[in-house]
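Comments concern the structure below.
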Amino acid sequence: MSLSLFALCSMSILTLNADTLPRLQQWLRSDDLLVACLCAAWCDVCRDYRPQFEELAALHPDKHFLWIDIEDQSDLLGDIDVENFPTLLIQRSAHVAFFGSVQPGMQLADRLVQAQAALSGEELARMASSHAHEQQFHLRRRLDDAAA
């Protein structure tokens with residue numbers, strides 16, 4: 001990967017922290033698709049997955065990408081029950097389209113992003129209501145609860 005492409009990829013992913021929280025909140029109020037990767041700094045798989053996630057972001061410049069260290073940001077998000085790393089969250093506005101662990105590799109994540117992006121808002125809302133377990137990690141609600 002050339003240096004300029006790497007810089008472009010790195011800039012397209014927001015890493016959650018107190019300074020980037022206002023931008024994330026703005027994204028969550030929009031109707032844009034948000035793709036978040038939940039990881040931990042100590043996890044070697046996560047460290048190896050980060051460049052693949054950056055490549056994924058470069059393939060989808062019309063979507064928002066977020067990197068969350070669930071241990072470092074527990075004060076913002078509360079306790080999160082993650083079964084394995086990496087875990088992806090795909091959310092549009094108030095609807096969680098996908099929340100679950102994935103095998104490292106860009107291909108599966110790319111197919112997930114494409115499939116969710118192809119859904120209309122109505123289809124996504126209908127799907128989200130039938131997947132109550134995925135709603136457990138509703139990013140907008142978690143941030144609102146933490147702020148209260």
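The values are calculated or read from the model by the stated rules, or taken from the named source; none is laboratory data. A quick note: this is a predicted structure, and the numbers were derived from the prediction, not measured. Ideal geometry is used to build each Cβ from the backbone, glycine not excepted, and the neighbour counts take in all protein chains shown.
Results, tabulated for the structure shown:
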read-out: Top-ranked residue in region 79-105 [being polar (S, T, N, Q) and touching an Asp or Glu at 6+ places or on another chain (Cβ under 8 Å); ranked as surrounded by the most Cβ atoms within 10 Å (Cβ to Cβ)]; value: S93
read-out: Per-region count, region 54-78, residues crowded, with 16+ Cβ neighbours inside 10 Å, under 11 Å from L34 (Cα atoms) and among the acidic types (D, E); value: 0
read-out: Residue pairs meeting the criteria (Cβ under 7 Å; at least 6 apart or on separate chains; first outside any strand (DSSP E or B), in region 87-108; second of a type in the set (F, W, Y)); value: P104/Y49
read-out: Candidates D31, D48 - the one that is over 16 Å from T87 (Cα atoms) and exposed (fewer than 13 other Cβ atoms within 10 Å of the Cβ); value: D31
read-out: Of residues in region 5-59 being among the basic types (K, R) and over 15 Å from P104 (Cβ atoms), the one modelled with the lowest pLDDT; value: R29
